[in-house]
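Student: There's a structure below that I have some questions on.
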Amino acid sequence: MPLVPLPELLAHASSHKYAVGYFESWDVYSLQATIAAAEASNSPVIIGIGGLSSNHEWLQAGGIELYGNICANLAAKSSVPITTLFNESDSLAEAKLGLGVGFNSAMMHTQGWDQAKLLADTAALVTAAHAVDIAVEGEIGALAEIKDGVFDASGASYTTPEAAELFVRETGVDCLAVAVGNVHFVTGSHIPTVQVDLIKQIGEAVNVPLVLHGGSGTPDDQTRVAVAAGITKINVGTKLKFVFGNALVAEIGKGELDPNLAYGSRFEGDINTRAGMALTREIQRLMDVFGSTGMAHK
Ligand SMILES: [Zn+2]
């Protein structure tokens with residue numbers, strides 16, 4: 001079906017009390033595994049690629065355009081509602097490369113920017129994106145992250161309702177990513193504590209849907225509570241790469257492989273296809289946690 005605008009997708013989630021997952025992908029296998037999960041679970045989904053852990057040289061040398069077009073092509077052939085996102089680009093210039101190449105939503109990774117640049121560049125992206133019917137996700141506050149296996153909150157700051165209200169009013173973003181105790185890049189044992197009351201307070205202060213990044217590390221019970229408190233979009237990246245990578249390693253570890261079957265055949269003996277099946281299972285599980293299962297055509 002045609003791409004669904006992000007505000008429309010999130011308004012549906014809000015009125016039906018669930019969250020849509022943005023499941024970050026990185027190649028055709030992971031992208032198709034994501035869409036397969038959405039179709040099997042009859043769930044809306046947000047697909048795309050992110051700048052935060054990608055080579056910006058590759059992205060800017062045509063990677064953004066290549067990936068956006070693949071996303072749009074696959075979305076058009078799918079039976080479920082899909083929004084495409086160029087997530088966490090590292091600058092206004094890079095975000096603009098994502099306009100008009102298959103993505104219908106955009107976001108910049110702005111953590112650590114000073115307030116003047118944050119407001120000016122986000123507003124400029126909104127103006128450029130809205131002119132071509134593309135939605136913008138903004139962010140205010142900064143997430144702690146796991147760096148080299150260690151919890152690092154040195155650059156982190158919670159989103160305040162006052163700052164959120166000002167930011168949304170000044171920039172005109174379509175949805176807002178918040179820092180409420182959620183953490184980026186979690187693979188190990190670190191358990192974040194999501195501040196549910198803060199989510200509610202921010203939700204009362206702004207008139208746009210709220211987004212939770214760091215979906216990889218947030219435990220299922222906290223995720224459910226966050227959705228109940230008003231989160232309508234959840235970003236997951238690291239965990240998906242972890243699941244896919246572990247499945248790949250397990251397949252390779254089984255011993256000698258027929259190269260023509262194992263690499264790129266798309267038969268069941270293709271190790272990337274098998275890793276994609278593991279990825280599909282994990283995304284379907286997350287869709288259950290987010291409450292989006294069965295919501296595609298409600
Ligand atoms: Zn993120």
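Derivation of every value follows stated rules applied to the coordinates shown; laboratory data play no part. Worth saying up front: this structure is predicted, and the values here are computed from it rather than measured. Virtual Cβ from ideal backbone geometry, glycine too; neighbours counted across all protein chains shown.
Student: Taking neighbour counts of Cβ atoms within 10 Å as a proxy for exposure, in what order, fewest first, do Asp220, Asp114 appear?
Tutor: Ranked by crowding around the Cβ, least crowded first: Asp114, Asp220.
Student: Next question, about the same structure. Quick one: angle between helix 271-290 and the longest Cα principal axis of the chain, in degrees between 0 and 90, rounded to 10, please.
Tutor: Here the helix axis deviates by roughly 40 degrees.
Student: If amide H atoms are built 1.01 Å from N in the plane of the peptide, which residues on other chains or at least 5 residues away come under 5 Å of the amide H of Glu139?
Tutor: Placed amide hydrogens put Ala177 under 5 Å from Glu139.
Student: Sequence neighbours fewer than 8 away in the same chain don't count; with that in mind, list the lysines whose C-alpha is under 27 Å from Lys298.
Tutor: Lys17, Lys77, Lys200, Lys233
Student: Mean residue ellipticity at 222 nm from the helices of the chain, using -39,500 (n - 2.57) per DSSP H segment of n ≥ 4 over the full residue count, to the nearest 500 deg cm²/dmol?
Tutor: -13000 deg cm²/dmol
Student: Classify the range 6-290 as rounded, prolate or oblate, taking a ≥ b ≥ c as the square roots of the eigenvalues of its Cα gyration tensor: rounded when a/c is under 1.5, otherwise prolate if a/b is larger than b/c and oblate if not.
Tutor: Because a/c hits 1.5 or more and a/b exceeds b/c, the range 6-290 counts as prolate.
Student: Right, something else. Counting other beta carbons within 10 Å of each residue's own, what order do Tyr263, Tyr67, Tyr29, Tyr158 fall into, fewest first?
Tutor: Tyr263, Tyr158, Tyr29, Tyr67
Student: Rounding to the nearest 20 debye, state how big the charge dipole of the chain is about its Cα centre with +1 on each Lys and Arg Cβ and -1 on each Asp and Glu Cβ.
Tutor: I would put it at about 640 debye.
Student: When a footprinting reagent is the concern and you count Cβ atoms within 10 Å, what order do Val45, Val183, Val20, Val208 take, fewest first?
Tutor: Ranked by crowding around the Cβ, least crowded first: Val208, Val183, Val45, Val20.
Student: Can I ask one more? 5 Å is the cut-off here: which amide hydrogens, built 1.01 Å from N in the peptide plane, fall below it relative to Gly294, excluding neighbours closer than 5 in sequence?
Tutor: Asn42, Ser43
Student: What's the angle, to the nearest 10 degrees (0 to 90), between helix 28-41's Cα axis and the longest principal axis of the chain?
Tutor: Tilt of helix 28-41: around 80 degrees.
Student: Here is a follow-up. Full-extension gain between Glu256 and His56, please, as 0.36 nm times their residue separation minus the C-alpha to C-alpha distance.
Tutor: Here the answer is 68.5 nm.
Student: How big is the gap, in Å, between the Cα center of the range 41-72 and the Cα center of the range 221-298?
Tutor: 17 Å
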